[in-house]
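Asks: Take this structure first; my questions come after.
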Amino acid sequence: MIAKTTRTLLAAIGLASASGCAIAAEPAGAATATTSSLASGLDLRYVDPSVRPQDDFYRAVNGKWLDTFEMPVDKARYGSFDKLREDTELQLKAIVEEVAKSTDVAPGSEAQKIRDLYNSFMNEAKIEDEGIKPLAPLFARIDAAKDKGDIAALLASFNVRRIDAPFSPVVHQDNRDSSKYVVDLRQGGLGLPDRDYYLDDKFKDVRARYATHVEKMLRRLIGEDIELVLKLDEEVGNIRSDPTHIEQAIVNLAVNSRDAMPEGGKLTIETSEVDLNEEYAGRHIGVEAGRYVMLAVSDTGIGMDAATRARLFEPFFTTKEKGKGTGLGLSIVYGIVKQN
């Protein structure tokens, strides 16, 4: 398909972009023989000469690859950009490991910085011995934050260090005016490191402690006058969703419940598997009958009248006094549910 370096991408853009991202992979065993080469150009081994480009350009360029492809067991999709990224990572790894072994680098040089940084990451024994001691200055700064200004400065310093923060700024072109740049604040999320932590049984204890941590955070959010009840089915199935979206939905619903119980009450969060039948699907547009994972949030608050329920998910609609609410909480939850 495309050869192995980033420069190749530029050379082949006229070929690859026209045909889109190939949901294909190089046959097993081919990667080892080619990734060690830094040659640029086009890899013509998988071009299908039996197909005329003017008839089917995608098949002409990728035909042999598609016919011989075996999907990697750890991938749900695979294409030319995945191949480029993996090969580039292997090449960078070889370069860095070579530098890491060097002993004659000049002090203060880039080579010396790369060597020391890489070796510090690979020194697992020292990392384990140090524990969280290197983080003590950061924890002290967090404890010392007293006002909004301190928190803003703290989050900025986290982003400079590439530390996940509750909010992260992203600069990009304005969708409405490409001559300008705008800044977005995106939720950083507080999830576990990767999918294995959610699925692998060896992390079951970690998941239990994580659930306790989330419960502790929610209790601080809703206040001492509200009882938080968790009814979580440990045998519930997995879902395909963005963890950050689920977190945001739960937080928004919890805040909405808190505001509906000014004198205190009970907030219940539960998960279970449910079967939705044809009758239910017929009464809810867009729902197909079948087995689902249910996430339910309920409270003992004051409730809503018919007029309020009619505008429940309307953006910027709020029953709170001016300056107390944006009216976006439930509309965001609705959007998250529709997306997932």
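What follows is calculated from the coordinates using simple rules that are stated; it is not laboratory data. A quick note: this is a predicted structure, and the numbers were derived from the prediction, not measured. In this analysis, Cβ positions are derived from the backbone assuming ideal geometry, glycine residues included, and neighbour counts consider all displayed protein chains.
Asks: Under the Karplus relation 6.51 cos²θ - 1.76 cosθ + 1.60, θ = phi - 60°, what is the ordered set of whole-Hz ³J(HN,Hα) values for region 232-246, x standing for Gly and Pro?
Replies: 3J(HN,Hα) across region 232-246, in whole Hz: 9, 6, 5, 9, 5, x, 8, 10, 9, 7, 7, x, 5, 5, 5.
Asks: Right, another one. Listed highest first by mean packing, meaning other Cβ atoms within 10 Å per residue, what order do 121-133, 78-90 come in? Write down the numbers at each step before the final one.
Replies: Working: 121-133: 9.4, 78-90: 17.7.
Ranking, from highest mean packing down: 78-90, 121-133.
Asks: I've got another one for you. In terms of Cα to Cα distance under 18 Å, which lysines are near enough to LYS113, apart from those fewer than 8 places away along the same chain?
Replies: LYS93, LYS101
Asks: Shape call for region 133-187 from the C-alpha gyration tensor, a ≥ b ≥ c root eigenvalues: rounded (a/c under 1.5), prolate (a/b greater than b/c) or oblate?
Replies: Note, shape of region 133-187 comes out prolate.
Asks: For TYR78, what residues show an amide H to amide H distance below 5 Å, using hydrogens built from the backbone and excluding near sequence neighbours?
Replies: ALA24
Asks: Continuing with this model, one more query. Go through region 149-163 residue by residue and turn each phi into a ³J(HN,Hα) via Karplus (6.51, -1.76, 1.60, θ = phi - 60°); whole Hz please, and just put x for glycine and proline.
Replies: x, 5, 5, 4, 5, 5, 5, 4, 5, 4, 5, 4, 8, 6, 9
Asks: For region 269-284, take each phi angle, set θ = phi - 60°, evaluate the Karplus expression 6.51 cos²θ - 1.76 cosθ + 1.60, and give the result in whole Hz per residue in order, putting x for glycine and proline.
Replies: 10, 9, 10, 6, 9, 10, 9, 9, 8, 4, 4, 5, 4, x, 8, 10
Asks: Here's something else I'd like to know. For region 239-309, run through the trypsin sites (Lys or Arg not before Pro) and keep only the ones in DSSP coil with at most 15 other Cβ atoms within 10 Å of their Cβ. Don't jump to the answer; show the numbers that get you there.
Replies: Details: sites: ARG240, ARG258, LYS266, ARG283, ARG291, ARG309; in loops: ARG240.
For trypsin sites (Lys or Arg not before Pro) across region 239-309 that sit outside H, G, I, E and B with at most 15 neighbouring Cβ atoms in 10 Å, the list reads ARG240.
Asks: Could you work out how far the C-alpha centroid of region 204-245 sits from that of region 75-98, in angstrom?
Replies: So the separation of the two Cα centres works out to 36 Å.
Asks: Between ILE226 and residues 5 or more places away or on another chain, which pairs have amide H atoms under 5 Å apart, with H built 1.01 Å from N, and which residues are they?
Replies: Under 5 Å from the amide H of ILE226: GLY265.
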